[in-house]
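Values quoted throughout were computed directly from the atomic coordinates according to the rules given, and no laboratory measurement underlies them. In this text the structure is predicted, and so the values were computed from the model without any measurement. Methodologically, a virtual Cβ is constructed for each residue, glycine included, from the backbone with ideal geometry; neighbour enumeration extends over all protein chains shown.
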Amino acid sequence: MMHNTNDQPLNPLKAQPKRADDFPYYAGNPVAFNGLQWLLIILSLALASYCLMMPWPWAQNGIGVFASAFLFAGIPLFALVMLNGQPWRALFRPLRWRDGAWMIGTAIVNLIVTILIGMLLSHLASVSSNPAMEQIQNQSTQQLEVFFLRTIIQLFGEELISIVPFLGLMTLFSYWGLKRSQSLALAILGTAVWFAVLHLPTYEWRIFQCLLVIGSARIILLIPYLVTKNILVCAGAHIINDWLLFTIFLIGTKYAAVG
């Protein structure tokens with residue numbers, strides 16, 4: 001009789017994945033990164049975040065506005081390529097029609113939940129607005145086009161600095177001997193906290209706002225990856241979510257100005 005062993009402890013450095021369709025890296029598929037390699041990957045994520053957040057003079061105008069976003073998304077991918085070549089492709093899968101439904105559905109759910117949590121939090125404590133809203137409020141049509149195009153690259157980078165640590169945490173917890181379900185739950189929670197902490201400078205170091213709003217959004221946006229194992233799906237959901245948010249804000253601002 002065959003037994004279901006999907007929820008057993010797993011040493012990713014010694015064992016092969018127990019599922020044909022499992023998350024990459026943490027269980028040795030297509031490769032198992034060792035501790036030093038994971039450290040280098042995390043350092044690449046930190047460098048990528050630094051490149052994005054620094055107000056580089058050359059990144060303020062023209063084609064330069066895309067440079068920091070490309071570095072943000074490119075550095076982690078480059079690190080994966082340098083460490084093991086082809087296995088970086090394990091983050092990607094072909095897109096299917098139902099993946100589009102996951103993108104749209106996740107974006108709408110996340111938008112609703114984020115707005116509701118933000119409204120509730122605003123009644124309990126002071127909150128900071130998203131600086132991007134102030135940035136686009138008085139921009140020209142051409143500037144808005146550049147802004148929206150840039151967000152495609154940046155938001156894909158945000159998925160990289162979320163999904164890769166998620167897989168790293170899965171690896172760590174599995175190596176410690178935790179069951180798959182335990183590793184998964186802790187990796188989701190850890191990723192949400194990590195993503196919230198990265199947004200602290202953006203929201204004036206308001207930790208509760210980041211943990212509740214950004215952390216909950218991260219968990220929701222992680223769901224498409226948990227289902228599809230395809231970073232393109234959660235990136236698509238993230239892009240649709242933010243574009244909807246920016247569009248609603250712009251429409252509301254113009255309506256208020258006319259009124």
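Rounded to the nearest 10 degrees, the angle from helix 35-53 to the longest Cα principal axis of the chain is 0 degrees. Structure remark: mean-square fluctuation, Gaussian network model of the chain, C-alpha springs under 10 Å; the largest value among Gly236, Gly64, Gly105 belongs to Gly64. Say we join alpha carbon atoms closer than 10 Å with springs in a Gaussian network model of the chain; which of Ile108, Ile63, Ile219 then has the biggest fluctuation? Its mean-square fluctuation being the largest, the pick is Ile63. Within the chain, the longest run free of trypsin sites (Lys or Arg not before Pro) that sit in a DSSP loop with at most 15 other Cβ atoms within 10 Å is 97-178. Once you've got the GNM for the chain with C-alpha springs shorter than 10 Å, pick whichever of Val146, Val31, Val233 has the biggest mean-square fluctuation. Among Val146, Val31, Val233, the largest GNM mean-square fluctuation belongs to Val146. Segment 188-259 and segment 113-180 have Cα centres spaced 4 Å apart. With unit charges on the beta carbon (Lys/Arg positive, Asp/Glu negative), name the residue among Thr247, Pro55, Leu167 whose Cα is farthest towards the positive pole of the charge dipole of the chain. Sorting the options by dipole projection puts first Leu167. Taking Cα atoms only, the orientation of helix 141-175 departs from the longest principal axis of the chain by about 30 degrees.
Placing unit charges on the Cβ atoms of the charged side chains and taking the dipole of segment 98-258 about its Cα centre, the candidate lying farthest along the positive direction among Leu184, Ala132, Ala107 is Leu184. Across segment 201-212, computed HN-Hα scalar couplings (Karplus, 6.51 cos²θ - 1.76 cosθ + 1.60, θ = phi - 60°) run x, 5, 10, 6, 6, 8, 5, 5, 4, 5, 5, 7 Hz from first to last residue, x flagging Gly and Pro.
Going by alpha carbons, how many degrees (0 to 90, nearest 10) lie between the helix axis of 180-198 and the longest principal axis of the chain? Between helix and principal axis, roughly 30 degrees. One entry in (1) 1.15; (2) 1.21; (3) 1.07 is Cα Rg over 2.2 N^0.38 Å calculated from the shown coordinates; its label is (3).
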